[in-house]
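See structure below.
The values are calculated or read from the model by the stated rules, or taken from the named source; none is laboratory data. This structure is a prediction, so every number in the text was calculated from the model and none was measured. Heads up, the Cβs are rebuilt from the backbone with ideal geometry, glycines too, and the neighbour counts pull from every protein chain shown. For the accessible areas, the whole protein counts, side chains as well, though only heavy atoms, and no ligand, DNA or RNA atoms are used. Shrake-Rupley method; radii C 1.70, N 1.55, O 1.52, S 1.80 Å.
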Amino acid sequence: MRETLELEGERTRLRSVDLEDATEYYVAWLNDPEVNQYLETRFREQTTDSAKEYIRKKIEDPDTLFLAIIRRDTQKHIGNIKLGPINRDHRYAEMSLVVGDKASWGKGFGSEAIGLLTDYAFGTLGLHKIIAGAYENNTASIKAFLKCGFEKESVRKKQYYYKDAYVDAIVMTRFNENSG
């Protein structure tokens, strides 16, 4: 079993997701069409069992960090952020997140989580590059990554099927200025 990771921010705390996080509240985010509109989970109804299975796979994967985003003011689990797969040979990883608690949208919690995990990835893991992707119309996610120093690197034309049409994927990256 992997060691539990905790990262403290001003308004959020990140901690390893565990099986007990697969609650009805958590599953409700995954099945909410407004929350999941940019998630691959939207193609199938989610259950506590499917959520536990996904969490179990992430816990067992040595090349993935899967963290809960916790609001410090309420101690409420409002979303998740993932770093992985981590390529240790080339020192890069992909990052993605979801803020499932709609009352926490637009308040900077996602940006703070991105910043905390980016600092950990660069400072502790020694990664050189982090890659994030978003549907072109997922402006909140794009804005959050850009706010955290990511830059638009490329566009993958008509990458995702979204509401009966294909949309572009925006690929964003951030480099560790202190790596070789």
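For segment 133-142, which positions are touching a residue at least 24 places away in the same chain (Cβ under 8 Å) and either out of contact with any Ser or Thr (no Cβ under 7 Å at 6 or more places or on another chain) or basic (Lys, Arg) (or both)?
First, the residues of segment 133-142 that are touching a residue at least 24 places away in the same chain (Cβ under 8 Å): 133-138, 140-142.
If the condition is that a residue be touching a residue at least 24 places away in the same chain (Cβ under 8 Å) and either out of contact with any Ser or Thr (no Cβ under 7 Å at 6 or more places or on another chain) or basic (Lys, Arg) (or both), then 133, 135, 136, 137, 138, 140, 141, 142 are the ones that fit.
What tally of residues in segment 54-103 results from selecting those that are open to solvent by less than 80 Å² (accessible area, probe 1.4 Å), in a strand (DSSP E or B), closer than 21 Å to residue 133 by Cβ and not hydroxyl-bearing (Ser, Thr, Tyr)?
Result for segment 54-103: 18.
Just to be sure I understand the filter: pairs with C-beta atoms under 6 Å, separated by 6 or more residues or on different chains, first member in segment 41-55 and closer than 20 Å to residue 160 by Cβ, second member part of a helix (DSSP H, G or I) and open to solvent by less than 60 Å² (accessible area, probe 1.4 Å). Which pairs pass?
Listed by first residue and then by second, the contacts come to 41/30; 42/36; 46/27; 46/30; 46/31.
Quick one: residue 127 ticks every box in (1) assigned to a strand (DSSP E or B); (2) crowded, with 22+ Cβ neighbours inside 10 Å bar one, so which box is it?
Residue 127 satisfies all of (1) assigned to a strand (DSSP E or B); (2) crowded, with 22+ Cβ neighbours inside 10 Å except (1).
From the list 123, 149, which one is touching a Ser or Thr at 6+ places or on another chain (Cβ under 8 Å), at pLDDT 95 or above, under 22 Å from residue 177 (Cβ atoms) and not acidic (Asp, Glu)? First the steps, then the outcome.
On the way: 123 fails: touching a Ser or Thr at 6+ places or on another chain (Cβ under 8 Å).
Being touching a Ser or Thr at 6+ places or on another chain (Cβ under 8 Å), at pLDDT 95 or above, under 22 Å from residue 177 (Cβ atoms) and not acidic (Asp, Glu) holds for just one of 123, 149, which is 149.
Here is a yes/no grid of residues against (1) in a strand (DSSP E or B); (2) without any contact (Cβ under 8 Å) to a residue 60 or more places away in the chain; (3) more than 19 Å from residue 63 (Cβ to Cβ); (4) open to solvent by 80 Å² or more (accessible area, probe 1.4 Å):
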{"site": "117", "(1), (2), (3), (4)": "no, no, no, no"}
{"site": "122", "(1), (2), (3), (4)": "no, yes, no, no"}
{"site": "131", "(1), (2), (3), (4)": "yes, yes, no, no"}
{"site": "145", "(1), (2), (3), (4)": "no, yes, yes, no"}
{"site": "153", "(1), (2), (3), (4)": "yes, yes, yes, yes"}
{"site": "156", "(1), (2), (3), (4)": "yes, yes, yes, yes"}
{"site": "167", "(1), (2), (3), (4)": "yes, yes, yes, no"}
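Among the residues that make up segment 38-48, is at least one of them under 18 Å from the mean Cα position of the chain (by Cα), assigned to a strand (DSSP E or B) and either of a type in the set (Phe, Trp, Tyr) or under 30 Å from residue 178 (Cβ atoms) (or both)?
no
Conditions (1) closer than 24 Å to residue 32 by Cβ; (2) of a type in the set (D, E, K, R), marked per residue:
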position	(1), (2)
70	yes, no
73	yes, yes
77	yes, no
81	yes, no
92	no, no
110	yes, no
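Of the numbered conditions (1) open to solvent by 90 Å² or more (accessible area, probe 1.4 Å); (2) in contact with a Ser or Thr (Cβ under 9 Å, 6 or more places away or on another chain), residue 20 fails exactly one; give the number of that condition.
Answer for residue 20: the failing condition is (2).
Give just the number: which of (1) surrounded by 14 or more Cβ atoms within 10 Å (Cβ to Cβ); (2) under 21 Å from residue 115 (Cβ atoms) does residue 39 not satisfy?
Among (1) surrounded by 14 or more Cβ atoms within 10 Å (Cβ to Cβ); (2) under 21 Å from residue 115 (Cβ atoms), the lone unmet condition for residue 39 is (2).
From the list 111, 154, 104, exactly one residue is over 27 Å from residue 31 (Cα atoms) and not aromatic (Phe, Trp, Tyr). Which is it? Please lay out each step first, then the result.
Working: 111 fails: over 27 Å from residue 31 (Cα atoms); 104 fails: over 27 Å from residue 31 (Cα atoms).
Of the residues listed, the single one that is over 27 Å from residue 31 (Cα atoms) and not aromatic (Phe, Trp, Tyr) is 154.
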